[in-house]
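Below you'll find the structure, written out as structure tokens, and then a few comments.
The values are calculated or read from the model by the stated rules, or taken from the named source; none is laboratory data. None of these values were measured; they are calculated from a predicted model. All Cβ positions, glycine included, derive from the backbone under ideal geometry; neighbour counts span all protein chains shown.
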């Protein structure tokens with residue numbers, strides 16, 4: 001592949017959603033949803049129950065047809081286009097497996113349907129199961145697996161054949177911390193060559209895992225961008241630690257700064273500041289002022305979280 005072709009491919013989004021709308025009777029599940037998913041990264045799709053995530057995934061998978069709008073996958077076209085066959089894999093939240101066949105036979109069949117020979121399929125299945133810690137269950141039925149083990153089996157099935165776009169719905173739900181960490185590492189490894197779209201209610205996990213994020217609420221995109229852009233948007237909380245308490249005059253000076261909304265004492269020499277503003281400049285202004293006040297902090301931590309931003313954008317949304 002030429003350099004020009006490689007650059008063009010990389011510039012083409014793995015998934016482009018343009019003005020997608022879907023209604024069920026009087027319920028509008030998706031309302032003119034638009035966003036792009038870059039190549040070779042991990043993208044989080046988050047939202048409250050009923051936000052439209054499952055409907056969106058079903059449209060991308062071709063299980064549902066949008067009322068209006070456009071889905072473009074891997075630069076080829078809509079779901080079901082011949083150019084994306086074998087290049088996209090989707091793992092539903094509660095994937096089921098045949099209890100009357102061995103795990104090996106089921107996954108080998110899936111891999112062969114994506115174009116592999118039987119020998120290659122067996123090798124790929126063995127490697128996939130090893131990555132999720134299920135090598136000892138090759139010849140057994142999925143019925144013997146616990147809920148967490150079934151989730152890991154679904155993950156193994158999803159990345160068989162090295163698909164370019166992998167969509168995972170709640171991939172770590174029901175897993176213990178050790179196996180959840182293992183799956184997160186598998187997802188990071190996959191993103192070196194593939195694009196992985198993850199839906200999860202575990203916002204702390206997604207904050208650490210994802211490069212990009214899309215926040216949905218009641219069928220509407222509330223925010224989309226890189227994780228850094230999302231984390232720097234809106235209200236931020238900065239934790240500061242000093243050797244001694246700030247004086248009343250020092251506190252008043254900080255509160256006079258346009259970006260500082262409030263200051264709350266959190267113990268001896270510890271304070272939490274709410275900062276309203278994008279980028280590094282609001283925090284830099286606080287530090288410059290503290291330098292002038294001869295009250296430089298001994299510690300500073302950006303206390304913002306994806307969960308706080310999510311709650312501020314979605315308000316009191318309920319299922």
Scan of segment 132-142 for residues that are part of a helix (DSSP H, G or I) and either touching a strand residue (DSSP E or B) at 6+ places or on another chain (Cβ under 7 Å) or surrounded by 11 or more Cβ atoms within 10 Å (Cβ to Cβ) (or both), ordered by number: 135, 137, 142
Out of the residues in segment 191-203 that are surrounded by fewer than 24 Cβ atoms within 10 Å (Cβ to Cβ) and either without any contact (Cβ under 8 Å) to a residue 40 or more places away in the chain or over 8 Å from the mean Cα position of the chain (by Cα) (or both), which is nearest to residue 57 (Cα to Cα)? 201
Could you tell me which of the residues 183, 187 is crowded, with 19+ Cβ neighbours inside 10 Å, assigned to a helix (DSSP H, G or I) and at pLDDT below 90? 183
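For (1) buried (at least 19 other Cβ atoms within 10 Å of the Cβ); (2) in contact (Cβ under 8 Å) with a residue 24 or more places away in the chain; (3) out of contact with any helix residue (DSSP H, G or I) (no Cβ under 6 Å at 6 or more places or on another chain); (4) at positive phi, each residue gets a yes or a no:
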position: 53; (1), (2), (3), (4): yes, yes, yes, no
position: 56; (1), (2), (3), (4): yes, yes, yes, no
position: 59; (1), (2), (3), (4): yes, yes, yes, no
position: 65; (1), (2), (3), (4): no, no, yes, no
position: 107; (1), (2), (3), (4): yes, yes, no, no
position: 111; (1), (2), (3), (4): yes, yes, no, no
position: 119; (1), (2), (3), (4): no, no, yes, no
position: 124; (1), (2), (3), (4): yes, yes, no, no
Subset tally (residues that are closer than 28 Å to residue 28 by Cα and surrounded by fewer than 20 Cβ atoms within 10 Å (Cβ to Cβ)) for segment 204-220: 3
Is there a residue being more than 23 Å from residue 206 (Cα to Cα) and touching a helix residue (DSSP H, G or I) at 6+ places or on another chain (Cβ under 7 Å) anywhere in segment 22-30? yes
Look at residue 19 and say whether it is over 29 Å from residue 133 (Cβ atoms), without any contact (Cβ under 8 Å) to a residue 60 or more places away in the chain, in a strand (DSSP E or B) and touching a strand residue (DSSP E or B) at 6+ places or on another chain (Cβ under 9 Å). yes
If I ask for residues that are surrounded by fewer than 14 Cβ atoms within 10 Å (Cβ to Cβ), within 30 Å of residue 135 (Cα to Cα) and modelled with pLDDT of 85 or more, which ones from segment 67-100 would you list? 98, 100
Condition first: modelled with pLDDT of 90 or more, in a loop (DSSP other than H, G, I, E, B), closer than 20 Å to residue 158 by Cβ and in contact with a strand residue (DSSP E or B) (Cβ under 8 Å, 6 or more places away or on another chain). Can you find one or more residues in segment 44-63 that meet it? no
Which of the residues that make up segment 149-174 are surrounded by fewer than 20 Cβ atoms within 10 Å (Cβ to Cβ), within 20 Å of the chain's Cα centre (by Cα) and without any contact (Cβ under 8 Å) to a residue 40 or more places away in the chain? 162, 174
If we only count helices (runs of 4 or more DSSP H) wholly inside segment 224-296, which ones have 2 or more residues that are over 30 Å from residue 33 (Cα atoms) and more than 30 Å from the chain's Cα centre (by Cα)? 248-255, 281-292
Filter segment 291-305 down to the residues that are in contact with a strand residue (DSSP E or B) (Cβ under 8 Å, 6 or more places away or on another chain) and either at pLDDT 85 or above or over 24 Å from residue 47 (Cα atoms) (or both) and list them by number. 297, 298, 299, 300, 301
